[in-house]
Amino acid sequence: MIRTLRYLTLAVASLAASNAIADSHGGAAHTAADTIMVKDAYVRAVPPGQPNSAAFMVLHNHGGADHKVIDAKSTAARTVELHTHTQKDGMMMMRRIESIDVKAHGETVLKPGGLHVMMIGLTKPMKVGDTVSVTLVFDDGSKKSIDAPVQEVMMKMDHKPGMHHKMMHKH
Ligand SMILES: [Cu+2]
């Protein structure tokens, strides 16, 4: 028992070691994929012919180590990138980022108007009711695949509660 505990402590102490041990012991050590839970994932439904979409989700890190999402993949798009939005002169601009932080015991929310997994060059239509598989790649090399339902996304307009008629098709 003592021996096992020491073994685990060592595994957590080094990410590289953690990976190696996870591979040879069927996930006994804690990789990012083991400790990061994905909740409420969905992909934006887009009209036929629209080339791009995006995936959103909540990432919850149950572990004691900071992690990052460094890449994402999906067969539903030719190119998949990590993106965020920044406000510039009152305009929402979207830009590619290297990684998305998921702090130890923290939560990172990917949502319309903020962080998102950008899907460029859709290989199939994104219609409500479909499911899209998205694979997240973490900084320690571990991966997690999720099945995200396709949903209609309405931009929330917090400052103008009455404006339901205006839908934004861009994110
Ligand atoms: Cu984007």
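A few remarks follow.
- Some residue of region 69-90 being of a type in the set (A, V, I, L, M, F, W, C) and surrounded by fewer than 16 Cβ atoms within 10 Å (Cβ to Cβ): no
- Residue tally, condition within 13 Å of the ligand (Cβ to nearest atom), free of Cβ contacts under 8 Å to residues at least 40 places away in the same chain and part of a strand (DSSP E or B), over region 96-124: 1
- Residue satisfying all of: in region 33-77; under 25 Å from Ile120 (Cβ atoms) and in contact with a Gly (Cβ under 8 Å, 6 or more places away or on another chain); nearest to the ligand (Cβ to nearest atom) among these: Asn52
- Among the residues of region 29-43, those identified as within 16 Å of Ala104 (Cα to Cα), in a strand (DSSP E or B) and open to solvent by less than 50 Å² (accessible area, probe 1.4 Å) are Ile36, Val38.
Every residue, every condition in (1) within 21 Å of Ser145 (Cα to Cα); (2) at pLDDT 50 or above, yes or no:
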site	(1), (2)
Asn19	yes, no
Thr35	yes, yes
Lys39	yes, yes
Arg44	yes, yes
Pro47	no, yes
Gln50	no, yes
Met57	yes, yes
Asn61	yes, yes
Ala76	yes, yes
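- When region 125-145 is filtered for residues that are assigned to a strand (DSSP E or B) and farther than 24 Å from Arg95 by Cβ, the ones remaining, listed by number, are Thr131, Ser133, Lys143, Lys144, Ser145.
- Output for region 107-151, where each listed residue is open to solvent by 60 Å² or more (accessible area, probe 1.4 Å) and more than 27 Å from Gly63 (Cβ to Cβ): Thr123, Lys124, Pro125, Lys127, Val128, Gly129, Thr131, Gln151
The values are calculated or read from the model by the stated rules, or taken from the named source; none is laboratory data. Note that the structure is predicted; figures quoted are calculated from it, not measured. Note that we place each Cβ from the backbone using ideal geometry, even for glycine, and neighbour counts take in every protein chain shown. These accessible areas exclude ligands, DNA and RNA; they are computed on the full protein's heavy atoms, side chains included. Shrake-Rupley method; radii C 1.70, N 1.55, O 1.52, S 1.80 Å.
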